[in-house]
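Reading through the structure tokens given below for one structure.
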Amino acid sequence: MSSQEHPVSSFQDRIKSSLPYTLAVAIIGFISLWVRTLPSDTVFFPGGIVKFATNDAWYHIRTLNVLLENYPHRMFYNPMTNYPHGSYIHFGPLFDQMIAITSMILGAGSPSPQLVNTIGAYFPAVLGALIVIPVYYIGKHLGGRKAGLLAAILIAFAPGQFLSRSLIGFTDHHVAESLFSTFFMMFFMLALISAKEKKLRLEDVFNKNFDILKEPLLYSVVAGVMYSAYQLSWPGGSLFLLIALVYAVFQYILDNFRNESSDYLGFAGIVTFLVSAILILPFVHPDMGFSLYYYSWFHVVTALGTMASFAALSFLEREFKRKQLKAYYFPLIILGAGILGLLIAKIVSPSLYSLIIHAPTTVFMIQQGGPSTIGEASSIFYQGGVFTLSKAFANFTATGFLASLLGMLVLAASLFRRPKPQEVLVLIWSFFILLAIYGQNRFAYYYSINVSILGAYLGGLLLDRVKWSELDQKFKSNVRSPADIPNAFKFIKIQQVLAVLAIVVFLIYPVYGSAMYQAKGSNEPNEPWLEATLWLRSNTPDPGMDFNAIYEAPEDGELFAYPDTAYGVMSWWDYGHYIEYFGHRMPNANPFQAGVGGRRTSIDEENQPGAASFFTAQSEGEASAVLEAVDPRPDKTGARYIMSDARMATDIFGAMPAWTLDTEGYFQPYWTGSGYQNIPSTRYFNSMEARLHIFDANGLKQYRMVYETQAYQTDEVGYKQVYNFFSGGNIPETNTGYLKVFEYVKGANITGTASSNEIVKISTTILTGQGRTFEYTQSTTADSAGRYEFTVPYSTEGPIAGETQFDTAPVGPYVVSYGDTTREVRVSEEAVLNGEEIKV
């Protein structure tokens, strides 16, 4: 055989030997896709209706529709949310672009809304299934092909947040984060392995030795592309830059102690992050300065800084060898250089320094105050302040999570021998993601990948112990046709059977069982929210905004120039995207926690206007002052409508005072005979949320109910029972509308005279669109001259054109009573909206 023929033959042999594993990975991928599309019945409904799983998914559909309407331009600033400030879009552009391009290709350039929604629904399932590819290759290079296949199987069935965020209908960028970050780690690992095996030296770069350079260069470039794709899926992708940098420090130190060259490491790092810096540059918004949450100079500078760090470490490592310095000085020099670099950053750019110092705490530290109430931002190891492993076991299974910890211990032990670069890389990667889930459980959809790889690594070690490779060779040597298979079973040893059984029982079956149980879809919003937001869209004044237009952001420090017809809708931040997407109205707060208000670090801070300060306000006047303060422009009010559901009044109310850092007094412990139970107290019932939802805004002067959905079984009855029993109330103990819409109005001023210092009452019966009635009442005391005044929010004459088309209104006139006197008063809608006076 000639020298020219040998490489071809070798390549063909590699393809032939790899083909069964490639087919196996493909089959595993299709099984993974099947698992992720199991709950399609919760997404697709008759009539072509598609419902997505989360509020953020609906926001992605919102930004996707704007992108398709204005292609290729995307929305970066959105004035239709966080009114009156608007919000910059921190979502990465790549996820929406992938769906948009796919939609345009399949829709021949003009995709229908139904096609776009269908593709959007399937996209997370497809991306989730594709993750088996990089997981297989990482597992393969860590523990051989058997470990790679096992890792692919484990990630295909991985339960918890990784599964839920890659199910059909969960159209959010999280699964894209997982896919591209894992591809980045795979190609970066391949670049390191290839460069080290080829004994790459920096002289090869200067001498243009492409025979050695071409494969490591290709892997490094693709690693840079994948890191950029990861960052363009989520601006916070600098997390993996930190992982790569810390890995590099450890690897340089280990190589230096073993007197080995680290040129392979410097080459891979420099190329990878140079490519990344170049690719991210076009997406930078210079006006953002140094921001972690929006594409800014931070992302370019940190990529270039990491590239420079690899170059500097390579230079230091070469100088140490040239001058034959003692190895233990090397870590000290690195530490000193790191401190010096931070000091320089502090002097040159204090904002960049502050971001570098504080950014890790947002990921790795447990959140306090309001952010601690965000479900995905809470620690995976704490529930109600108590340490627990239950959430970890639910996300990874008990054996899977424990196997990941054991796998890290085994890899850590390898540091004392001659660890391979991929072993050190997986160890550092896994450790940092473990720290991340300690800070925020949302990173569980990252750690599932580490759990699968580490579990497979342990499984591979177990198979090595029972000499699985020998069995594999015997099967290959003795099985030439299917007829040879029965005779080959004689080579199998009992310990090999037990090893496979242990892997199936402790690793595979738990994730399979959990995945089959958890592969249940969900869709949002619930029916009351869908109904109420669609009612809002059809029955409230048009705010005068072009819903799918792209708007320019205002100059720094200025507010967006809204039309005079614009207004906000106040609700808790969870529901902001529904108000925007379905209602085509502008929420004051949204799921980015914009517009929440409250305090951030200390009770001594001023309570900023927003949803938290509004709903916890202890009087109508205080609440109205918050609404006025939300919009700082003269003669403008922050919100015209308020939307409240039963969850806000019961289940999640505790999150509202948490954002103000003033949580005392809303609930009190009560002994039930079998234990203490927290029940609402006076401060809760005085809150604006309770005044609106529990008491139907009864007695309020400028807030009226204009719509309610049907009632559902909630904790509302229990709260009313507590109020009647402990506060001497007499309100009906029934469930009322699950979701209620209120309008903030000037109110009509009803004035008259009675005897001096006489108690005067006004009342009317309100009929809602659900056929429910309740009494609206106020009382006051006439002054010394007998004058009295009421401000009332309801019109007795019905709605007028161009204003709120309410279906909740008085069944008759107001009745003013004092002593033996009663007077009927009718109030027009114009009087309510304009604050007109009506004399009795």
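Name the helices (runs of 4 or more DSSP H) wholly inside segment 577-695 in which the number of residues that are within 21 Å of the chain's Cα centre (by Cα) and buried (at least 20 other Cβ atoms within 10 Å of the Cβ) is 1 or more.
Result: 611-615, 646-649, 655-660.
Filter segment 527-577 for residues that are acidic (Asp, Glu) and more than 13 Å from Pro84 (Cα to Cα); which is modelled with the lowest pLDDT?
That would be Asp556.
Name the strands (runs of 3 or more DSSP E) wholly within segment 724-840 that hold at least 1 residues that are over 29 Å from Glu628 (Cβ atoms) and open to solvent by 70 Å² or more (accessible area, probe 1.4 Å)?
748-753, 759-767, 773-781, 821-825
Rundown of residues vs (1) assigned to a helix (DSSP H, G or I); (2) open to solvent by 20 Å² or more (accessible area, probe 1.4 Å); (3) more than 23 Å from Tyr457 (Cβ to Cβ), yes/no style:
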site: Ser351; (1), (2), (3): yes, yes, yes
site: Pro360; (1), (2), (3): yes, yes, yes
site: Ile366; (1), (2), (3): no, yes, yes
site: Gly400; (1), (2), (3): yes, no, no
site: Leu405; (1), (2), (3): yes, yes, no
site: Ala412; (1), (2), (3): yes, yes, no
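Only one of Ser309, Ser233, Ser228, Ser238 is outside any helix (DSSP H, G or I) and within 19 Å of Met185 (Cβ to Cβ); which?
Ser233
Go through segment 539-568 and count every residue that is more than 28 Å from the chain's Cα centre (by Cα), without any contact (Cβ under 8 Å) to a residue 40 or more places away in the chain and within 22 Å of Trp58 (Cβ to Cβ).
1
So that you can scan it fast, the table gives a plain yes or no per residue for (1) open to solvent by 30 Å² or more (accessible area, probe 1.4 Å); (2) charged (D, E, K, R):
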site: Ile138; (1), (2): no, no
site: His141; (1), (2): yes, no
site: Leu150; (1), (2): no, no
site: Ile153; (1), (2): yes, no
site: Ala156; (1), (2): no, no
site: Pro159; (1), (2): no, no
site: Arg165; (1), (2): no, yes
site: Thr171; (1), (2): no, no
site: Ala176; (1), (2): no, no
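Inspect all residues belonging to segment 444-453 and state whether any of them is loosely packed, with under 14 Cβ neighbours inside 10 Å and either within 27 Å of Asp255 (Cβ to Cβ) or within 24 Å of the chain's Cα centre (by Cα) (or both).
no
Could you check Val466 against (1) free of Cβ contacts under 8 Å to residues at least 40 places away in the same chain; (2) open to solvent by less than 10 Å² (accessible area, probe 1.4 Å) and say which number it fails?
(2)
Of all the residues that make up segment 498-523, how many are over 30 Å from Thr42 (Cα atoms) and open to solvent by 70 Å² or more (accessible area, probe 1.4 Å)?
So the count comes out to 4.
As an exercise: evaluate Leu254 against (1) surrounded by fewer than 21 Cβ atoms within 10 Å (Cβ to Cβ); (2) more than 17 Å from Val426 (Cβ to Cβ) and give the number of the one condition it does not meet.
(2)
Among the listed residues Arg640, Arg585, identify the single one that is out of contact with any helix residue (DSSP H, G or I) (no Cβ under 7 Å at 6 or more places or on another chain), within 26 Å of Leu534 (Cβ to Cβ) and modelled with pLDDT of 95 or more.
Arg640
Test Gly544 against the stated conditions and say whether it is over 17 Å from Val630 (Cβ atoms), assigned to a loop (DSSP other than H, G, I, E, B), open to solvent by 50 Å² or more (accessible area, probe 1.4 Å) and not hydroxyl-bearing (Ser, Thr, Tyr).
Considered against the rule, which asks whether it is over 17 Å from Val630 (Cβ atoms), assigned to a loop (DSSP other than H, G, I, E, B), open to solvent by 50 Å² or more (accessible area, probe 1.4 Å) and not hydroxyl-bearing (Ser, Thr, Tyr), Gly544 comes out as no.
Select, from Ser404, Ser452, Ser481, the only residue that is without any contact (Cβ under 8 Å) to a residue 24 or more places away in the chain and among the hydroxyl-bearing types (Ser, Thr, Tyr).
Of the residues listed, the single one that is without any contact (Cβ under 8 Å) to a residue 24 or more places away in the chain and among the hydroxyl-bearing types (Ser, Thr, Tyr) is Ser481.
The values are calculated or read from the model by the stated rules, or taken from the named source; none is laboratory data. Just so you know, these numbers come straight off a predicted model, no measurement behind them. Heads up, the Cβs are rebuilt from the backbone with ideal geometry, glycines too, and the neighbour counts pull from every protein chain shown. Heads up: the accessible areas ignore ligands, DNA and RNA and are worked out on the full protein's heavy atoms, side chains in. Shrake-Rupley method; radii C 1.70, N 1.55, O 1.52, S 1.80 Å.
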